[in-house]
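**Student:** Starting off with a structure, shown below.
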Amino acid sequence: MFSGSIPALVTPFDADGNFVERVYRDFVEWQIAEGSAALVPCGTTGEAATLTKDEHFHVVRVCVDQARGRVPVIAGAGSNDTRVACENIRAAKQAGADAALMVPPYYNRPNQDGIFRHFEAVAAACDLPIVLYNVPGRTVTDIAVETIGKLAHAFPSIVGIKDATGAIARVSAQRAVAGADFCQLSGNDDMALAFNAMGGVGCISVTANVAPALCAAFQAACRAGDYAEALALQDRLYPLHAALFTDASPGPVKYALSKLRPDFPKGLRLPMTWPGEPSQRAVDNALDHARLI
């Protein structure tokens, strides 16, 4: 259902923390023109944790409106409160999203039965396709391979996963339990080459915010089985993959965008801040290595 390079879009804020819709619309347009295969508004990179519910789904509506059906929109909609997650997926559908990206409950630390029942309730609340988002480094909750298999077979609307576990062997394990048609998307840019070789079909990407054409070309090479070209692009992009996490994300991403797109505002919402000097130097060097500046 979903494949290719899918940016987890940053959200532009001005110096006072206000959403800058004009810039966001231009940014979405640029992403589509550069070859991004789908868009994820209001994920982690989009600072969703700092958005009110009204702001959150306004941003989703703007993304959907600007995309105009040219590429799918997968709206971030998760919550650690199952009732709120159910409300969010309904709001994502009302906003026109094509799917919802849903993390398991974070902070609460439910067991696997609790995780299964959480997604059972979300799937029952709305028929919008669901892409699971497994990111234990942020949620302190891991959707076990066996649970992913149970969810994939029990609920047809659960169509795939953004896997940010960093455990590359899970691609094969998840294919075994969920089937080859279950859509597996890497949540780590630096691991996307190996992820695709093992059966993944794309990446929900941070780097694609900054280098959408290169990330799209990388995914196209993987899809064509041209792993020599994919490796060359990986080598070109790898320093950028690393540099964008040399300080708290999305600070380095917004710094990179300020170098490439002068109209892009520099605002972040606390507790996120502008990256420090070492991170800025790493990003500058990586942009130069990727031949983006």
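**Student:** Report Rg (one decimal) and Dmax (nearest whole number) for the chain, counting Cα atoms only, units Å.
**Tutor:** In order Rg, Dmax, the Cα atoms of the chain give 17.8, 49 Å.
**Student:** Considering only DSSP beta bridges with both partners in the chain, what is the antiparallel share in %, to the nearest 5?
**Tutor:** Roughly 10 percent of the DSSP beta bridges within the chain come out antiparallel.
**Student:** May I ask you to sort Leu151, Leu270 by Cβ crowding, counting other Cβ atoms within 10 Å and putting the fewest first?
**Tutor:** Lowest count first: Leu270, Leu151.
**Student:** Quick one: the Cα spread of the stretch 145-248 along its three principal axes, in angstroms, biggest first?
**Tutor:** Over the stretch 145-248, Cα extents along the principal axes are 40, 34, 22 Å.
**Student:** I would also like to ask the following. Grab the DSSP H runs of the chain that are 4 residues or longer, score each as -39,500 (n - 2.57), total them, divide by all residues and round the 222 nm result to the nearest 500 deg cm²/dmol.
**Tutor:** Helix contribution divided over all residues of the chain: -14000 deg cm²/dmol.
**Student:** With Cβ to Cβ distances under 14 Å as the rule, what net charge do the other residues near Ala85 carry (K, R +1; D, E -1)?
**Tutor:** Result for the neighbourhood of Ala85: +2.
**Student:** Also, quick follow-up: Charges at C-beta only: +1 for Lys and Arg, -1 for Asp and Glu. How large is the resulting dipole of the stretch 110-266 about its Cα centre, in Debye rounded to 20?
**Tutor:** Rounded to the nearest 20 debye, it is 320 debye.
**Student:** As a footprinting exposure proxy, order Ile293, Ile148 by other Cβ within 10 Å, with the fewest listed first.
**Tutor:** Ile293, Ile148
**Student:** Return a whole-number percent for the relative contact order of the stretch 4-224, with Cα pairs under 8 Å and 6 or more residues apart as the contact set.
**Tutor:** 21 percent
**Student:** Could I ask something else about it? Net charge around Ile130, counting only other residues with Cβ within less than 13 Å of its Cβ (Lys, Arg = +1; Asp, Glu = -1)?
**Tutor:** So the environment of Ile130 carries a net charge of 0.
**Student:** On to the next question. With 10 angstrom as the radius, rank Cys222, Cys183 by how many other C-beta atoms surround their C-beta, starting from the fewest.
**Tutor:** Listed from fewest to most nearby Cβ atoms, that is Cys183, Cys222.
Readers should treat all values here as calculations from the given coordinates under stated rules, not as data from a laboratory. Just so you know, these numbers come straight off a predicted model, no measurement behind them. Because the Cβ atoms are built from the backbone with ideal geometry, glycine has one as well, and the counts that use them run over all protein chains shown.
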